[in-house]
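The values are calculated or read from the model by the stated rules, or taken from the named source; none is laboratory data. All of these numbers come straight from a predicted model, not from anything done at the bench. When we count neighbours, we look across all protein chains shown, and the Cβ atoms used for this are built from the backbone with ideal geometry, even at glycine.
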Amino acid sequence: VSYDGSCGKRQRLLVVANRLPVSAKRTGENTWSLEMSPGGLVSGLLGVADEFETKWVGWPGVDVYDAAEKNALSKSLAEMKCIPVFLEEVFDQYYNGYCNGVLWPILHHMGLPQEDHNDTNKTLQTQYDAYKKANRMFLDVIIENYEEGDLVWIHDYHLMFLPQYLKEHNNKIKIGWFLHSPFPSSEVFKTLPSRSELLRSVLAADLLGFHTYDFASHFERTCTRILGVEGTHEGIVDHGKATRVAVFPIGIDPNRFIKACALPEVRQQMTELKERFAGKKVILGVDRLDMIKGIPQKFLGFEKFLEENMDWRDKVVLVQIAVPTRNNVPEYRKVKTQVHGLVGRINGRFGSVSSLPIHHLDCSVDFNFLCALYAIADVMLVTSLRDGMNLVSYEFIACQEAKKGVLVLSEFAGAAQSLGAGAILVNPWDVTEVSSAIKEALNMPLEEREKRHRVNFQYVKTHSAKKWGNDFISELHTFSESEMKSKKI
Ligand code: GDG
């Protein structure tokens with residue numbers, strides 16, 4: 001598909017996500033500084049944005065109440081092709097409440113949280129109402145900025161009502177919706193009180209994308225069981241309306257990482273890190289501090305490994321970057337306390353005055369330093385309990401051209417479907433298996449490491465973020481041509 005129109009204009013694309021790809025900070029009265037913010041979606045879309053005349057729609061990451069301030073921020077954001085949706089009045093109940101307290105655990109097989117009936121702000125119903133209201137606020141901003149022919153690509157579980165609201169407003173708008181998280185089995189999704197409304201609304205889109213076949217088929221089966229609609233290999237048909245359901249595994253921009261690893265600054269950081277950990281193998285973990293990332297399970301597996309392999313105790317270190325996230329959701333504060341307890345216990349048991357087995361950081365690191373860490377690591381340890389894809393695994397491989405380190409990867413991450421051939425797959429709930437995998441990875445001969453790296457590197461190079469974005473948008477175009485035909489599916 002060529003996206004160039006006859007007059008050389010690029011196809012316009014509205015990328016709609018809860019969060020804009022920038023974070024805004026006040027620097028004075030009505031002045032703002034803007035910076036690109038880290039995260040899976042941002043990393044994925046960076047590789048695709050240049051192909052289209054792209055505009056981003058989303059929450060700017062700060063509370064702004066004053067009209068003049070909103071105006072000033074909107075102007076600065078416009079220079080970065082970003083359009084803000086100000087969500088102040090509903091944000092807590094919409095984002096911390098319904099999105100991250102209800103939908104996120106359900107999508108990751110973790111069940112519904114206990115409802116707090118003493119606080120009317122925290123009931124499921126109040127949060128659900130705020131969620132719908134927030135989706136309507138997105139709708140208003142999109143309507144204001146939509147031009148005929150624009151493609152609208154909606155991202156993630158924050159915006160499940162938006163496809164329906166947009167189609168009700170203008171049935172001709174081409175809409176794609178992509179889910180970055182897993183979709184659970186119907187038995188889990190069925191517990192959600194608003195299950196039918198949410199599914200029906202998502203089905204209003206033209207194209208629905210998932211990272212893996214498992215997630216797509218869970219979604220289709222859930223629609224069949226809950227709504228009684230017909231699922232086919234093409235998608236879902238409901239009252240003559242066909243919705244295409246397909247698989248688009250996300251990737252990264254591998255060259256961004258490869259180039260960073262060649263920078264003098266990064267090479268210097270690599271040298272310093274190697275000196276710092278001289279004589280030791282480095283196991284690396286990079287995760288948001290989220291229940292789904294299985295950081296406690298990772299530490300338990302590492303503890304078991306140290307228990308059972310005395311000869312390794314002074315020869316290995318686990319460096320864990322645990323990026324703070326969603327601090328306003330109680331479950332996240334609990335997991336942080338749990339993680340800190342485990343770090344203390346393991347370092348207390350196996351550390352000495354001069355060396356600690358776990359280096360745990362409660363912060364993010366800058367991009368160059370992250371690449372240096374990826375490049376010097378001997379083993380990357382990913383123990384997600386569920387994960388849509390897990391881009392960290394891809395980034396590690398992109399940075400390992402010289403070292404050929406080993407990826408130990410949870411079988412419950414979407415990435416296990418794509419990088420399984422070169423990684424050692426583990427069940428993160430099984431501490432013995434994680435411990436054995438660490439041992440196998442640390443002892444793996446170079447020849448075997450090279451073989452595995454080659455397979456995974458090839459995959460990461462060819463299945464880039466750019467390909468992911470282009471595939472999705474190409475499919476959205478095709479669907480528009482075959483809409484009439486698809487009614488016969
Ligand atoms: C969601 C889904 C899916 C992390 N720490 C630092 C840092 N990061 C960057 C990484 C990577 C991104 O954040 C994390 O991406 P993941 O894919 O691993 O995880 P989520 O944030 O949970 O993303 C996930 C993804 O969406 C895409 O669809 O794969 O399953 O949950 O890019 O590099 N970046 C910097 N410093 C850090 O300390 N600079």
Identify, by number, the condition in (1) in contact with a Leu (Cβ under 9 Å, 6 or more places away or on another chain); (2) within 29 Å of ASP206 (Cα to Cα) that SER418 doesn't meet. (1)
Could you grab me the full set of residues in segment 338-376 that are assigned to a helix (DSSP H, G or I) and modelled with pLDDT under 95? PHE367
1 or more residues touching a residue at least 60 places away in the same chain (Cβ under 8 Å), closer than 21 Å to TYR94 by Cα and not aliphatic (A, V, I, L, M): qualifying strands (runs of 3 or more DSSP E) within segment 137-238: 151-155, 174-178
For a quick check of your reading of the model, give me the residue pairs whose first member lies in segment 365-393 and is within 17 Å of ARG452 (Cβ to Cβ) and in contact (Cβ under 8 Å) with a residue 24 or more places away in the chain, whose second is among the charged types (D, E, K, R) and more than 6 Å from the ligand (Cβ to nearest atom), with beta-carbon atoms closer than 6 Å and at least 6 apart or on different chains. ASP378/LYS281; LEU381/LYS298
Considering each of ASN121, ASN71, ASN135, ASN100 in turn, give the residue that is over 24 Å from PRO163 (Cβ atoms), at pLDDT 90 or above and out of contact with any Pro (no Cβ under 9 Å at 6 or more places or on another chain). ASN71
Checked pairs for segment 414-429, first over 19 Å from GLN297 (Cβ atoms) and modelled with pLDDT of 95 or more, second acidic (Asp, Glu) and part of a helix (DSSP H, G or I), C-beta under 9 Å and 6 or more apart or across chains, list as GLN417/ASP214
So if I check each of VAL202, VAL188, which one is closer than 21 Å to THR478 by Cα and more than 16 Å from the ligand (Cβ to nearest atom)? VAL202
Can you spot a residue in segment 278-287 that is part of a strand (DSSP E or B), modelled with pLDDT of 95 or more and surrounded by fewer than 20 Cβ atoms within 10 Å (Cβ to Cβ)? yes
Give me a count of the residues in segment 309-337 that are within 22 Å of ALA377 (Cβ to Cβ) and either more than 21 Å from the chain's Cα centre (by Cα) or at pLDDT 95 or above (or both). 13
Looking at GLN297, is it within 21 Å of ASP430 (Cα to Cα), within 14 Å of the ligand (Cβ to nearest atom) and crowded, with 19+ Cβ neighbours inside 10 Å? no
